[in-house]
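First the structure, in the form of structure tokens, and then the observations on it.
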Amino acid sequence: MGRGEGKEWLVEEFLDSLILERGLSENTREAYERDLNAYTAYLKKDPLKAEAGDITGFLANLRKRGLSARSSARALISVRGFYKYLLKKGELKQSPCASVDIPRMEKRLPGVLALSEVELLLSAPATKTATGLRDRAMIELLYATGVRVSELTGLKLNDLNLQAGFILAFGKGGKQRLIPMGEEAMVWLRRYLDEGEGGEGGRSAILKGRVAEHLFVTARGGGMTRQNFWAMLKKYATLAGIDREKIKPHILRHSFATHLLERGADLRAVQQMLGHADISTTQIYTHVLTERLKRVHKTHHPRG
């Protein structure tokens, strides 16, 4: 191998590959780096000489330090990815993680808004103003498509096709997907782009002659950020009388998926719209539905 028994170069090479080869974000790289730094600090030997017992010992050490099963599982996924990379490079013949199972953890059911709360939230922006039109269009589009907030704020004008009724979203790893918007979202997007005081659309009024490629813009001419959006959403939650603590990342995404499934949507269709690579990620929503069905049965069935 030509680099002695040090471990730092192996880890660095793997971390760089996450961005260069797999197209993952810098934030993801940093998360992997934290997990692998903890692993190599615990290991105290060349990772090429690790055995299954070292992996289980590392996980036990994490739990002893008070980390949750979810955090331990994430750390194991990072270590597994590292050894999978080493196998691919021919540095190893077998991964020490091969016989180690991911820690069992209780599935967290995502929080959702009731339909009445969604309606209140959508009605909160003052749509007689340019920024109010923008905000209403953003919330409508987020709920209509289930995109991630980063995907919403990253949308460019060219990613919107009002005639066909689709947006082109760019998900994790730069993966593209077409998502239908629905009539209500299209109505508010047209108002944001075409209408407003004096015949100027909300977007034009915000830009005041500036040119911008982003669909949703600020008074400075730049695109809305995730931070801008979440501050705005919490403000409207307060105006709508919704508990601000209930407004968490992905709340409208979870509501979108749950409300679709409650109305009979196919799980795989929802998976495609959400951009989940594996349907097992989408299946968490079936647990939400199961619990709701139990409550309905208990409330309304004569033998419930």
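The values are calculated or read from the model by the stated rules, or taken from the named source; none is laboratory data. All of these numbers come straight from a predicted model, not from anything done at the bench. Counting neighbours? That spans all protein chains shown, and the Cβs are built from the backbone with ideal geometry, glycine included. We work out accessible area using only protein heavy atoms, side chains counted, and drop any ligands, DNA or RNA first. Shrake-Rupley method; radii C 1.70, N 1.55, O 1.52, S 1.80 Å.
State which entries of 45/88; 64/89; 49/84 exceed 25 angstrom in Cα-Cα distance in the structure shown.
Violating the 25 Å Cα-Cα cut-off are 64/89.
Sorting check: for 112-120, 137-145, which peptide has the highest mean count of neighbouring beta carbons within 10 Å, and how do the rest follow?
137-145, 112-120
So, taking all protein chains as they sit and a 1.4 Å probe, how much accessible area belongs to residue 236, in Å² rounded to tens?
Its heavy atoms expose roughly 10 Å² to the probe.
In terms of modelled amide H atoms, which long-range or inter-chain residues lie less than 5 Å from the amide H of residue 171?
Sorted by chain and number, the residues that satisfy this are 176, 177.
Counting heavy atoms of the protein chains only and a 1.4 Å probe, report the per residue accessible area for segment 159-258 as a whole number of Å².
Value for segment 159-258: 55 Å² per residue.
How much accessible area does residue 243 have with a 1.4 Å probe, in Å² rounded to the nearest 10?
It works out to around 90 Å².
What is the distance in Å between the Cα centres of segment 147-216 and segment 31-47?
43 Å
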